[in-house]
Every structure is written in C-alpha cells, then in structure tokens.
Amino acid sequence: MKLNKIFKILMVVLILVSVGILVWGFTAGWTDQAVEILIKWTYAMVAIAIAATILVGLIISTKNNPKSLIKLGIGLVVIAAICFGIYMVSPGNPAVGLTGEQPEAGTLRITDTILNLTYLSAALAVVSIIAGEIIIAIRNK
C-alpha cells in the first residue's frame with residue numbers, strides 16, 4: 001500500500017513540474033534556452049517512462065515467474081531491433097521551412113526516427129482497435 005502512495009505522489013510531482021516547465025516555456029517565449037529546456041525535460045520524461053516500464057517488468061517477472069524474464073528479454077530485443085531498423089530507414093532530411101541554422105545531420109536523423117516510431121505506434125494502435133472490435137463482434141455472434 002505504501003508503494004502505491006509513493007507512485008501517486010511521484011506522478012503528481014512529475015505532472016506539476018511538467019506543467020510548470022510548459023507554462024514557463026510559453027511565458028518566456030520561444031527562446032533557444034526555453035526550447036532547449038523543454039526538449040531536455042521531454043527526454044528525461046521519456047527516459048523515466050522507459051526505465052520504469054523495464055524495471056517494473058523485471059521486478060514483477062522475477063517475483064512471479066523467473067522464467068518469464070526470457071520473454072521480457074526477447075521483447076526488449078525485438079523493440080530494439082524495430083527502433084534500429086527505423087533509425088536505419090530514417091533519411092534525416094533538412095528541415096523544410098526552417099529559416100535559421102539547420103540542426104546537425106544526427107539530430108535530424110533522430111528526429112525522423114522518433115517521428116517514424118510515432119507513426120508506427122499510431123498505425124498499430126488503430127489496427128489493434130479495429131482488430132479488437134472485429135474479434136469482439138465475431139465472439140458475440
């Protein structure tokens with residue numbers, strides 16, 4: 001029970017910090033410093049989410065069924081392979097319509113990779129929703 005309360009408090013703190021940084025970003029204007037801090041905070045939140053997902057999976061798997069760690073490892077390898085494949089396919093083209101200095105090629109490629117992963121995730125979500133509804137409709141007949 002204590003652990004659940006700690007997670008709730010941590011989640012509220014992260015949300016409040018995120019909202020604070022977002023409000024600060026809008027009030028400070030879109031200066032380089034504000035944008036850089038917003039991007040770094042986003043990276044930190046993504047890293048925290050990934051680490052929490054992996055750690056919670058490891059802890060629960062180890063407690064319930066130590067053999068399920070193999071499934072988790074295979075899942076992580078598959079996800080890493082998908083990310084690597086999308087990274088290799090991402091072109092890293094220069095930003096269209098950018099009037100200032102272009103980011104480095106590596107930054108552009110990472111940005112394209114993240115966009116492509118987002119597109120893939122959205123497409124898989126839509127397909128899974130449609131497939132789920134079809135399966136439910138078939139089972140209810």
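The values are calculated or read from the model by the stated rules, or taken from the named source; none is laboratory data. Because the structure is a prediction, the values reported are computed rather than measured. Cβ: placed from backbone, ideal geometry, glycine included. Neighbour counts: every protein chain shown.
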Restricting segment 109-133 to residues that are surrounded by 15 or more Cβ atoms within 10 Å (Cβ to Cβ) and not β-branched (Val, Ile, Thr), the one farthest from VAL96 (Cα to Cα) turns out to be LEU117
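Condition check ((1) over 16 Å from ILE39 (Cβ atoms); (2) part of a helix (DSSP H, G or I); (3) not assigned by TED's automatic domain parsing to the domain that holds ALA47) across all residues:
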| position | (1), (2), (3) |
| --- | --- |
| PHE84 | yes, yes, yes |
| PRO103 | no, no, yes |
| THR107 | no, yes, yes |
| LEU124 | yes, yes, yes |
| ILE130 | yes, yes, yes |
Out of (1) loosely packed, with under 12 Cβ neighbours inside 10 Å; (2) more than 22 Å from ILE39 (Cα to Cα); (3) in the same structural domain as ILE39 (by TED's automatic domain parsing), the one THR53 does not meet is (2)
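Considering TRP41, TRP30, which residue is outside any helix (DSSP H, G or I), under 27 Å from ASP112 (Cβ atoms) and not assigned by TED's automatic domain parsing to the domain that holds THR118? Before the answer, list the steps.
Values: TRP41 fails: outside any helix (DSSP H, G or I).
The conditions single out TRP30.
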Among the residues of segment 95-111, is there at least one that is within 16 Å of the chain's Cα centre (by Cα) and free of Cβ contacts under 8 Å to residues at least 60 places away in the same chain?
-> yes
Filter segment 4-26 down to residues that are in contact with a helix residue (DSSP H, G or I) (Cβ under 9 Å, 6 or more places away or on another chain) and of a type in the set (Val, Ile, Thr), then give me how many there are.
-> 2
Within segment 21-43, can one find any residue that is at pLDDT below 85, exposed (fewer than 10 other Cβ atoms within 10 Å of the Cβ), charged (D, E, K, R) and under 22 Å from ILE110 (Cα atoms)?
-> yes
Residue, surrounded by the most Cβ atoms within 10 Å (Cβ to Cβ), within segment 77-108, restricted to residues that are farther than 20 Å from LYS40 by Cα and β-branched (Val, Ile, Thr) = ILE86
Which one of the conditions (1) part of a helix (DSSP H, G or I); (2) surrounded by 12 or more Cβ atoms within 10 Å (Cβ to Cβ) does LYS63 fail to meet, given that it meets all the rest?
-> (2)
